[in-house]
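Working notes for the structure below.
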Amino acid sequence: MTDGEQVFADTIAKDQRVEPRDWMPDGYRKTMIRQIAQHAHSEIIGMQPEGEWITRAPSLRRKAILLAKVQDEAGHGLYLYSAAETLGADRGDLTRRLIEGRQKYSSIFNYPTLSFADVGVIGWLVDGAAICNQVPLCRSSFGPYGRAMIRICKEESFHQRQGYELLMTMMGGTPAQREMVQDAVNRWWWPSLMMFGPPDDQSPNSAQSMAWKIKRHSNDELRQRFVDMSVPQAEALGVTLPDPELAWNTERGHYDYGTPDWDELKRVISGDGPCNAQRIAHRRRADEDGAWVREAAAAHAAKRAGVPA
Ligand code: FAQ
């Protein structure tokens with residue numbers, strides 16, 4: 001073992017942080033860039049489904065809340081791209097890989113938002129699943145990622161509360177509003193379970209990522225945690241979760257639940273979900289529209305640094 005390999009192994013064994021200046025195996029660097037980039041892309045693409053409702057929010061209060069939430073997602077993307085840059089990745093290159101379909105983003109953002117109740121359900125279930133997945137990532141072994149995650153989780157908690165509060169308000173409204181909420185829950189429940197990734201026996205990256213303490217729990221462990229957390233919340237809200245197999249299992253001390261449609265997850269991840277083409281086309285357009293700003297900023301920075309044009 002080289003000195004670098006020994007220090008890295010000790011750092012992981014002692015549950016300490018790996019920092020960008022430290023020696024790390026190529027595989028660790030590659031895995032971290034992969035996960036952080038996918039996560040950053042998810043935050044940025046994740047602005048679209050809810051962003052579509054900003055102009056149609058039912059009141060000024062709801063519009064202000066939604067604007068703040070969508071801006072927060074942009075901020076999360078920025079922290080994460082910065083964390084990826086500490087590993088030597090280039091943000092422009094990561095964006096290119098995203099819009100050319102060479103890097104992934106979360107499957108959840110390829111589903112359409114059909115009513116304003118979807119905004120509430122995304123806050124409750126999608127941000128709820130994100131928190132479940134991301135709180136353990138605050139202890140992720142790579143320092144910049146773990147530290148970014150602390151701030152992100154605080155903001156996601158606010159997002160989840162605003163979603164739940166919106167749904168509570170709608171459930172106290174008219175029968176039509178209650179139906180909108182139930183319809184949104186029916187459409188988002190299974191895709192939310194899929195956010196945790198494939199089942200453990202079909203997750204090629206989990207074992208190594210857990211050995212490196214990047215991931216602290218398996219996909220199925222976190223999915224179970226999310227189900228257990230969501231069932232009482234659904235009861236308090238007065239909605240039904242669309243799974244006839246949901247039942248408390250006294251022996252396990254957990255809720256049993258049905259099997260998500262893993263073929264659907266595969267299809268959505270491989271680009272064939274309801275909104276994949278639309279999401280990427282929008283991101284590509286935004287990138288092209290912003291090109292002149294990036295060029296001007298780079299020219300300004302070069303001028304200040306005294307680099308000839
Ligand atoms: N969608 O071996 P595993 C948010 C890929 S929250 C797409 O299990 P791993 C907040 C996986 O990348 C959403 N792809 O992989 C928000 C791998 O592909 P690769 C973002 C998926 O990495 C809320 C392959 O399948 N959160 O944005 C999905 O160990 C509301 C095999 O899978 C994060 O990214 C999927 N659902 O575990 C924003 C959290 N599942 O790279 C706006 C950080 C799996 O080998 C509004 N990431 N794949 O080609 C993670 O915790 C992990 O990367 C997992 C996957 C758990 C997602």
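General observations
- Comparing A13, A298, A40 in a Gaussian network model of the chain (Cα springs below 10 Å), the most mobile by mean-square fluctuation is A298.
- Area accessible to solvent at T2, 1.4 Å probe radius, in Å²: 80
- Across the range 268-273, coupling constants 3J(HN,Hα) worked out from phi with the 6.51/-1.76/1.60 Karplus curve, θ = phi - 60°, read 5, 5, 8, x, 10, x Hz, and Gly and Pro carry x.
- Whole-percent P(r), the chain, all Cα pairs, 20 Å bins from 0: 30, 56, 13, 1.
- Tail beyond 19 Å, pair distance distribution of the range 164-258 (Cα, percent): 50
- Computed from the alpha carbon atoms alone, the convex hull of the range 1-141 holds 118 Å³ per residue.
- Peptides 210-219, 75-84, 118-127, 281-290 ordered by average Cβ neighbours within 10 Å, highest first: 118-127, 75-84, 210-219, 281-290
- Of F116, F158, F142, the one that fluctuates the most in a GNM where the chain has Cα springs shorter than 10 Å: F158
- Prolate/oblate/rounded call for the range 142-220, Cα gyration tensor, a/c under 1.5 rounded: oblate
- Residue pairs, from the table K30/K154; K215/K303; K69/K266; K30/K63; K104/K154; K30/K303, whose Cα atoms sit over 32 Å apart: K215/K303; K30/K63; K30/K303
- Ranked order, R187, R139 - accessible area, probe 1.4 Å, largest first: R139, R187
The values are calculated or read from the model by the stated rules, or taken from the named source; none is laboratory data. Note that the structure is a prediction, hence the values are computed from the model and not measured. Methodologically, a virtual Cβ is constructed for each residue, glycine included, from the backbone with ideal geometry; neighbour enumeration extends over all protein chains shown. For accessibility, only protein heavy atoms count, side chains too; no ligands or nucleic acids. Shrake-Rupley method; radii C 1.70, N 1.55, O 1.52, S 1.80 Å.
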